[in-house]
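A short write-up of the structure that comes next.
The values are calculated or read from the model by the stated rules, or taken from the named source; none is laboratory data. What you see is a predicted model, and the numbers here were worked out from it, not measured in a lab. Here the Cβ positions follow ideal geometry from the backbone for every residue, glycine too, while neighbour counts run over all protein chains shown.
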Amino acid sequence: MRLNSLMRIRSLRTRLILTAVGLLAIVLGLVFLAVYASTNFSAQRQAQRQLEIGSNVFSNLLEARARELTNATQILVADFGFRQAVATGDLATIRSALLNQVGRIGADQALFFDAKGVLRISTATVAGADKVEVQALQSLSDQAMITVIDNRPYLLVEAVVRAPVPVGQVAMAFALDTALANELQKITGLEIRFVSRRDQEVMSAFSTMPFAQQNMSMQEGTQQFADEIYLTIPITLLDQAPYSVVAQLASPLNEALASFDYLKRELMIITLIALLVSSLLAVRLSGSLARPVTLLALAAGRIGRGDYSGKVALPRTDELGMLATSIDEMRVGIAEREKLISYNALHDPLTGLPNVSVIRERLRSAIANAQAGVLAQCDLVSAELLINARGQDFMDAFIRQSVTRLVDHLPAHALLAWQPGVGFLLLLERGNLDQAVVDIDALLARLSEKMQVDDIKLSSQWVAGVVEWPLNGSDPHELLRQASIALADASPGADRVAVYQAQRDRAFQRRIQLARDIRYAPEYKELSVVFQPKLDLASGEVRQVEALMRWTHSELGPIGPDEFIVLAEQTGSIGMLTQWMMDAVVSQLRDWIDRGIGLQVAMNISARDLDDPLFPQRIEGLLLAQQISPAYLSMEVTESALMTDPERSIVSLRVLRELGIALAVDDYGTGYSSLAMLKSLPVQDLKIDKSFVLQLAEGSEDAVIVKSTIELAHNMGLKVVAEGVENLYSLNWLKERHCDVAQGYFISRPLAAIDLEKWLDDTRGTFGGSEGA
């Protein structure tokens, strides 16, 4: 019997069948093991990828929360009433404002520190109760910190209260508690817990996991909690002995492995069926199984390595075809989940547009490929006012509708992104600066068109800052900063698109500070008036002075008029300065008149003053209130200001002249006015710009211009005032050519009122009439 069995086994047919079946069993076993191992590896890789992406999303969410809190805090410290309460030490008002802001933005508590850094108020305690204790503090980002207050961890942002110097500091705190952990879990899909320790002893622990209160390891890697296996990663938020705050993110492996259970069961069934049938079809199937099995093994390997690009398909209807379909469905499902996680990490949830991370990456890629281009940052003017007036929901709807208006009108090779708190970011690759400015201006014009949002029609104003690369740099972070600097130079209207200028980078902070502080200069009594005498060359007497404004900044010291006057015109503060100057001049005139000092005072006005149709009425009202004759007041307007809107300027000047106020054209010769224009102006005086008077010499080009201007003005019935007289030669030269009035440092520098009165007494009779000085 044994011999017969051996003979049968030794037969060629049996050996072939046994060999085929054996080989088939080995191959199917290897396929099973490969797919099984690949699915396990893919599950772990998926969980690991989810953990890594979730970690980035977690960090971005904390930073986003910090930005929201920072914006809310900045709004509070920018409020004038709050700053006044801080400046006056009104703790009750400060506490009330902090409580209101805490309730509005959902913060857990707010803290107020005085100028010396002493904690004066915490909304976590009632007035007069014990103070809270800030036990540890560590920076989380440029805008936020992690702190331990009364043994509990918080996300903290701060803002300095300036009035205009620092007078206090406000901090807003969000608790790192279960509510925050649950909120972050919904977005990241990860289990999250916050653990704070003191000397390695747990002070508090908040988590989305029911076993979070156990003494679990905070190490990175695979850990088993209860019946679950997790991949974990700790993120140290604060490490300041003896305190520490750690956030632990956990991705459940069981959930990832469960998605592959069906595939594993189906693979097991297919393998068993194939082994049973192989005994009958081994010879026939041996040649047809090798290639499909190899393809499946390769496909499983690609999926295990994270390559989901190639479709897994076999032109069969048997078990191998079913296995290919299942593997392909697994591939598609995993790819879609990873794509969704990646999309959420790189896109803004409000608009669906890419976020600043995508802009940075595209910038790096373009720069690495030696591509030039332009980056623009676009911002809505007065966005805070719109939020305060209509609310955040209205603002969100407005932004979404603005995106819809833009996306179909973008230039070629353009990438549009949105970053909350920053605005639109537009990346124009392969474009030149000139064309980019034209395209961006067209987009701003489209954004500024009237729009209906929630049954409300409104028009908006947008501005943009533009920077070109690689001309201005090759670092994405630096280019974003430069675009923000350029944005600060933009203003609604013709200058709504501003191009970054490297030489303005250093002056940027000074300009921003001056633009911010100039509106408070009158309130903090930083402005003053000086008077420069004007010498009548025929009589040798001083009958008129020019009033000049001076600004002494509390931190930066004296600020030149050429700097702050231009800035005031650009920021719209010039009207406020003119009003202050009028009040000061009229008050001084009233004092001089009462004391028998008869001087006409000239003051400068700008193009913006002339554009204001109520400007003459305000001057008339001031003169009537002080019972001063308009003859005591003279207005000087520059030639360039007249050319801004000649028709509007002439109308305003005629109204001023009808009131009896003397008028003069200042800085004549530096603008582009024509003789016809000059003839139509209702002015009595023509002031020759000092650039022509400073270096008078017989026969020089300046001398020819000044002489011709004097003759021209006299022929037109105008008096001539020459400013910039700094030596005796110039004074005598002007007398000989019958110039009417001279003004300059040789006669006198600008003086305070009390010094001017003394100068008038000391120099009486010093300047002769036609004889010369």
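Checked across region 567-578, the condition of being under 17 Å from L527 (Cβ atoms), buried (at least 19 other Cβ atoms within 10 Å of the Cβ) and in contact with a strand residue (DSSP E or B) (Cβ under 7 Å, 6 or more places away or on another chain) holds for at least one residue.
In this structure, I593 does satisfy being closer than 27 Å to A752 by Cα, outside any loop (DSSP other than H, G, I, E, B) and not charged (D, E, K, R).
Quick check: anything in region 260-273 surrounded by 21 or more Cβ atoms within 10 Å (Cβ to Cβ) and at pLDDT 75 or above? Within region 260-273 (the criterion being surrounded by 21 or more Cβ atoms within 10 Å (Cβ to Cβ) and at pLDDT 75 or above), the answer is no, since none of the residues qualifies.
Only one of the numbered conditions (1) in contact with a Pro (Cβ under 6 Å, 6 or more places away or on another chain); (2) within 21 Å of A494 (Cα to Cα); (3) in contact (Cβ under 8 Å) with a residue 40 or more places away in the chain is not met by D439, and that is (3). Flag: A20 does not match the condition of being at pLDDT 70 or above and either under 27 Å from R265 (Cβ atoms) or surrounded by 17 or more Cβ atoms within 10 Å (Cβ to Cβ) (or both). Selection of helices (runs of 4 or more DSSP H) fully inside region 317-431 by the criterion of at least 2 residues being β-branched (V, I, T) returns 319-346, 356-368, 392-407. The selection criterion, being touching a Ser or Thr at 6+ places or on another chain (Cβ under 9 Å), free of Cβ contacts under 8 Å to residues at least 60 places away in the same chain, exposed (fewer than 14 other Cβ atoms within 10 Å of the Cβ) and assigned by TED's automatic domain parsing to the domain that holds K687, holds for T552.
Exactly one residue out of E158, E183 is surrounded by fewer than 21 Cβ atoms within 10 Å (Cβ to Cβ), at pLDDT 85 or above and not hydrophobic (A, V, I, L, M, F, W, C): that is E158. Between a first residue in region 329-353 that is farther than 23 Å from N60 by Cα and at pLDDT 75 or above and a second residue that is assigned to a helix (DSSP H, G or I) and of a type in the set (A, V, I, L, M), which pairs have beta carbons less than 6 Å apart while being 6 or more apart in sequence or on different chains? Filtered contacts from region 329-353: M330/L263; R331/I303. With respect to (1) over 28 Å from F615 (Cα atoms); (2) aliphatic (A, V, I, L, M); (3) touching a Gly at 6+ places or on another chain (Cβ under 8 Å), the lone exception for I688 is condition (1).
Taken over region 69-96, residues that are surrounded by 19 or more Cβ atoms within 10 Å (Cβ to Cβ) and over 21 Å from L155 (Cβ atoms) amount to 6.
When the helices (runs of 4 or more DSSP H) confined to region 681-743 are screened for residues that are exposed (fewer than 14 other Cβ atoms within 10 Å of the Cβ), those reaching at least 3 such residues are found at 701-715, 728-736.
When the residues of region 274-294 are narrowed to those that are under 60 Å from the mean Cα position of the chain (by Cα) and surrounded by 16 or more Cβ atoms within 10 Å (Cβ to Cβ), which ends up modelled with the highest pLDDT? It comes out as P292.
The test for being loosely packed, with under 14 Cβ neighbours inside 10 Å, over 48 Å from the mean Cα position of the chain (by Cα) and farther than 30 Å from S649 by Cβ does not hold for R749.
A search for C-beta distances below 6 Å between a residue of region 468-488 that is farther than 14 Å from L427 by Cβ and outside the structural domain of G423 (by TED's automatic domain parsing) and any residue that is modelled with pLDDT of 85 or more and part of a strand (DSSP E or B), counting only pairs 6+ apart in sequence or on different chains, returns nothing. Could you say which residue among G540, G557 is at positive phi and in contact with an Asp or Glu (Cβ under 9 Å, 6 or more places away or on another chain)? The conditions single out G540. Pairing each residue of region 609-636 that is under 19 Å from P682 (Cβ atoms) with any residue that is polar (S, T, N, Q), provided the two are 6+ apart or on different chains, yields C-beta distances under 6 Å for D609/T578; L610/S649; L610/S652; Y632/Q600; S634/Q600; E636/N604. Sub-9 Å Cβ pairs linking a first residue in region 728-747 that is closer than 14 Å to I710 by Cβ to a second residue that is in a loop (DSSP other than H, G, I, E, B) and among the hydroxyl-bearing types (S, T, Y), at least 6 apart or interchain, are K735/S770, ordered by first then second residue.
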